[in-house]
Amino acid sequence: MAVVNRPCGVFPCVRSNGFQERTIQNGVTLKSICDFIKTQLCTVAISLTLLSSVRLPREAFKYGAVPYLVVYTFWLVVVGLPTVLLQLAMGQLSQQDPVGVWRAVPILKGVGHLKVITSYIICVYHVVLVALSAAYLIWIGKGTFPLKDCIKLQITPNGYENKMNASECFNATFLAPFTEYPQYLGIMAILIFILWFFLPILLFRLRKTLKITLNVLAPFLVIITIVLCTFVSHGPDLTSLFTSCEKWMQLSHPYIWHSALVQALLSTQIASGYLISAGGTVYRQSDVRWNAISIITLNIITGWLWVLLWESIAATTTKDKSFIGILVLIYQSSVAERRSKEWPLLAFGIIFVSGIITILVLLYPIFDKLHRATGDHWRLFATAASALGTSLTVAVLTRRLEVATLLDELAVPVLSVFTTAMEVVGFVFIYGSCYLNFDIEFLTGTRLSYLWIAILWLVPAFLFGITGWWLRAILRSPWGQFWNMWPLVGVFIGILVVMLVIAAVAVAKEEQFNLCSKISSAFRPSRLWGPEELMARYVWMSQRHVNGTLSNDDREDTNYAEIIFNRDNEKKYHDDWVQQNEYQRTYYVYTKNGDDKDSYRNDSLTDCNLSIPLPIPRNKKAKKEKESKFRSPNICVAKNELGGPVNCNCNRHFTLNVPDLRNTNNEVTTIL
């Protein structure tokens, strides 16, 4: 798509009364209510993944529950809300995957590939948690609790007591070394294979089956959580969390700020690219502003509830802060409180169902990309991705928790912060905040306030500033000097290689004559950028390139998403448009009088139609051109003789004057 270099200003459009009469009036129907509920259940499912139910409480245990939740809430509002709005808007506008949306800035297309890679990495090591929860569900369900392999009795003054804690139980069973207990690794490998090959079947129809699955699992998980919280939690034990002031000293260190920032990016699925794919599918018929607010609000509420839930269940039990800390907490608290095996089964069931939602949400942008890249053969490539994921997950499991911890605490945080920061830089600074504002107005019918734009400008500073503070602290620590250095270097080298390779490919694809022109063109949107649907693209391009003369106060707010992206209303809108028999209108037409003097006719601006582009830019330069005419291809009228002046006009009914060789004028009338 050619880019019009013009001052960034207002993109108004004058709407006629006829268009106002044709505007679709949305009534509250049973179908609209059901669609709204289904969409909101998908939003609820985002806040029920393992990134919120397991990772968030585990990080809160490290730095103090209440201080961590306060910082986490701050980042959700300041960084999460504008970034979620950006991703949903770009996904809904382009209806593309996390890679395809970078047609807006082809030089940064590597950011989209890094998002897909990040989603895949998170899925690889979180399958270990899902497989562990499934294994303990099966073993506790078919046997006794505690497990026979986790009992080490010793004589004490109070009688026989089990001296094997929960961490030792996990390390002696399903996390045991392969050389000591190969049978446990075999069982885990089978469970991992099932998770990687059978759960993706729920994405067989991508958006349709994803929504059905999330609409079923989200209420089910909420009900189980309420039951567990009602009968097992200890409410009075939570008062100490709000009265203790010891953990507030952590706010002076960068670790809590960086951890909460990364957690905000992971919990809202900003880092995985799910919101971009869902913006054009799951949320395609809804307002991106309210969706962004609902996603952030639900993550704040569920984040606090998840942490308080596990804190109340743990009671006075010493909390494990490792990668499997919540699984250890469930087992240890159940043994310490001498609960029947139904309650640990219920708790492990919460982790298992949450893990299913997590895998589906993380795989959805990956499969969406495969579907767009390979067409009908995407399921074969998805199967290959599952086979590779199975191998990688088993490899992570053989190293017990070392690799999983390294990925979760170093690799994924760096990837999440970098991709999010570059995403905001690409769309706000390179693509342009004015065009971004116009695109959001195109979707919602209302321009964003300058406050939103200002916050988006500050988001990269927050991301890079906090990450730099964290890297400085971690590299200066004794542990960082010997162990963290090389993994961090590897992550940065991988990011640099992906960005440079994809950028080189994007530059090579540009159709320019020299390298400088190719690089310059790669920073501008390609001709494939924009809405995919023809009617939406037609309206978007028309309004994007029009030079308006009205101010913001003279314009009316119209939600273009209701007209264009709603397939149920698309046919009605098209029929109403055709019935008007308005094919094209002239606004500024320059004709010639008989005395060869230019005359200027200004048609009424009230005839502007949103579905028809303005044929001639309305600017001062056009007025000063003496020979400027309204030209329409393929329709020209020759005057008097061959080689004489040519007058081009556009009309459904036109007259073609043909010079007569017998010196007589014949007039032939033709109707299109």
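The values are calculated or read from the model by the stated rules, or taken from the named source; none is laboratory data. Keep in mind the model is a prediction, meaning the values are calculated, not measured. FYI the Cβ positions are ideal-geometry reconstructions off the backbone, even for glycines, and counts take in every protein chain you see. Just so you know, the surface numbers come from the protein's heavy atoms only, side chains and all, with ligands and any DNA or RNA stripped out. Shrake-Rupley method; radii C 1.70, N 1.55, O 1.52, S 1.80 Å.
Residues of region 98-109 that are of a type in the set (A, V, I, L, M, F, W, C) and either without any contact (Cβ under 8 Å) to a residue 40 or more places away in the chain or open to solvent by 10 Å² or more (accessible area, probe 1.4 Å) (or both): 107, 108. A Cβ distance below 9 Å, combined with a sequence gap of six or more or placement on separate chains, defines the contacts here; from region 498-514, residues that are free of Cβ contacts under 8 Å to residues at least 24 places away in the same chain reach no residue that is open to solvent by less than 30 Å² (accessible area, probe 1.4 Å) and in a loop (DSSP other than H, G, I, E, B). Only one entry in 457, 483 is open to solvent by 50 Å² or more (accessible area, probe 1.4 Å), modelled with pLDDT under 90 and in a helix (DSSP H, G or I), namely 483.
Quick grid of which residues meet (1) within 16 Å of residue 262 (Cα to Cα); (2) buried (at least 24 other Cβ atoms within 10 Å of the Cβ); (3) out of contact with any helix residue (DSSP H, G or I) (no Cβ under 8 Å at 6 or more places or on another chain); (4) touching a residue at least 40 places away in the same chain (Cβ under 8 Å):
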| position | (1), (2), (3), (4) |
| --- | --- |
| 96 | no, yes, no, yes |
| 111 | no, yes, no, yes |
| 116 | no, no, no, yes |
| 121 | yes, no, no, yes |
| 129 | no, no, no, yes |
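Out of 423, 409, report the one residue that is farther than 17 Å from residue 123 by Cα and part of a helix (DSSP H, G or I).
That would be 423, the only listed residue that is farther than 17 Å from residue 123 by Cα and part of a helix (DSSP H, G or I).
When residues in region 338-353 are screened for being open to solvent by 50 Å² or more (accessible area, probe 1.4 Å) and either hydrophobic (A, V, I, L, M, F, W, C) or without any contact (Cβ under 8 Å) to a residue 60 or more places away in the chain (or both), 4 of them pass.
Taking into account only those residues within region 390-425 that are small (Gly, Ala, Ser) and either modelled with pLDDT of 95 or more or surrounded by fewer than 19 Cβ atoms within 10 Å (Cβ to Cβ) (or both), which is farthest from residue 89 (Cα to Cα)? This residue is 395.
Selection of first residues in region 45-64 that are under 30 Å from residue 212 (Cβ atoms) and of second residues that are among the aromatic types (Phe, Trp, Tyr), restricted to Cβ pairs under 7 Å at least 6 apart or on distinct chains, gives the following pairs, ordered by first then second residue: 52/306; 53/306; 56/306; 57/306; 57/310. Each residue in region 95-150 was checked for being basic (Lys, Arg) and under 30 Å from residue 427 (Cβ atoms), and 3 pass.
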